[in-house]
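Peer 1: I'd like to ask you about the structure that follows.
Laboratory data are not the source of any read-out in this text; all were calculated from the coordinates shown. None of the values given here were measured: they were computed from a predicted structure. Cβ placement follows ideal geometry from the backbone for every residue including glycine, while neighbour counts extend to all protein chains displayed.
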Amino acid sequence: MISFDELSVGVEVFTSSRVVTREEVKAYADASGDQNPLHQDDVVARAAGFPGVVAHGMFTMGTLASALLERLGDGATLERLSAQFRSPVFVGETIESGGSVRSLDRESRAAVLDVWVRVDRNGTVEWPIRRGEAQIRFV
Amino acid sequence: MNGSVALEGRRYPPVRFAVEADRVRAFAAAVGHHVGGVPPTFVTAPELAAGLSNLLEDPDLSIEVSQVLHGEQAYEWRRPITVGEVLTAEATIERIRDRGATRFLTLRTELRDDAGAMVSIGRSTLIVRTDA
């Protein structure tokens, strides 16, 4: 669990990594209801210009949220989360998510975090989420 | 693809969405949510039911699902969601911009509870590649 008092601007709050599997992406499709074949069918994904199926943007953002919430514990709630999906995530890749403090409001006990998801693709770092934003509020 | 400005403000019929335990469990496993409670991004499920599903059936848009990429997403939560409650999701086309063969469509989806109180607001920007 995290406490407001241990935060200051620039402090890294969390990092977490996860291997993305085809089975999990399919499970996400079924649970979310997003059955776009781009996320399940390699032929469709290739026709769209990708090397193979792409994880849902919200699979990636949901994974980021899970990592953040695990770090927060019962100490704070997630009030806002936003991101641009800048680069695809392919099955078999390892995504790493993390976040650091952008700003703090001591009066309302709220913090805004810069959040990100990155992946090492053939020696190059890609940023599926580069500078997302999360607002958390402490109890 | 014409008349995009006229489509802005289009509101789709509200959709009732029951937050079922099995589906929440499956969703939590898929996004690696291990801390209990309903994952905040579970709101994507009712959002899709009220939003993208309607867009794909809208003859004025004629969008194929495989043309759609997710460009951007923002959520604002007013309170946590609980298993067993029934939410009402209502989607509105907020903005459409066409750049060549690519259409950027921003959808705003509000989730309310049975008391009419706002639970969450989602804003989703979809990239529709009409030449794909």
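Peer 1: Could you tell me the ratio Rg/Rh of segment A:80-139? Both radii from Cα atoms, Rh via Kirkwood.
Peer 2: 1.10
Peer 1: Just in segment A:72-132: which GluC sites (Glu not before Pro) are loop by DSSP and have at most 13 other Cβ atoms within 10 Å?
Peer 2: Answer by residue number: A:Glu107.
Peer 1: What ranking do A:130-137, A:41-48, B:119-126 get when scored by the average of other Cβ atoms within 10 Å per residue, highest first?
Peer 2: B:119-126, A:130-137, A:41-48
Peer 1: Would you mind giving the average projected area, over all directions, of the Cα convex hull of the protein assembly as shown in nm² with one decimal?
Peer 2: 14.5
Peer 1: Additional query: Determine the dipole magnitude for segment B:16-132: charges of +1 sit on the beta-carbon of Lys and Arg, -1 on that of Asp and Glu, nothing else is charged, the reference point is the Cα centre, and the result goes in debye to the nearest 20.
Peer 2: Its charge dipole is roughly 340 debye.
Peer 1: What is the calculated FRET efficiency for B:Thr82 to A:Ser108, with r their C-beta to C-beta distance and R₀ = 30 Å, to the nearest 0.05?
Peer 2: 0.75
Peer 1: Sticking with this structure for a sec: Work out the charge dipole of the protein assembly as shown with +1 on the Cβ of Lys and Arg and -1 on the Cβ of Asp and Glu about the Cα centre, then indicate which of B:His34, A:Met1, B:Ile96 is farthest towards its positive end.
Peer 2: Checking the options against the dipole of the protein assembly as shown, the answer is B:Ile96.
Peer 1: Quick one: Karplus J couplings for segment B:52-65, per residue in order, coefficients 6.51, -1.76, 1.60, θ = phi - 60°, nearest Hz, x for Gly and Pro?
Peer 2: Values, residue by residue: 4, 4, 6, 4, 5, 9, 7, x, 6, 9, 6, 9, 9, 4 Hz.
Peer 1: In debye, nearest 20: dipole of segment A:4-138 around its Cα centre with unit charges on the Cβ of K, R (+) and D, E (-)?
Peer 2: For this selection, approximately 320 debye.
Peer 1: Next up: Please build a GNM for chain B, connecting alpha carbons under 10 Å apart, and tell me which residue among B:Gly51, B:Gly84, B:Gly71 fluctuates the most.
Peer 2: B:Gly84
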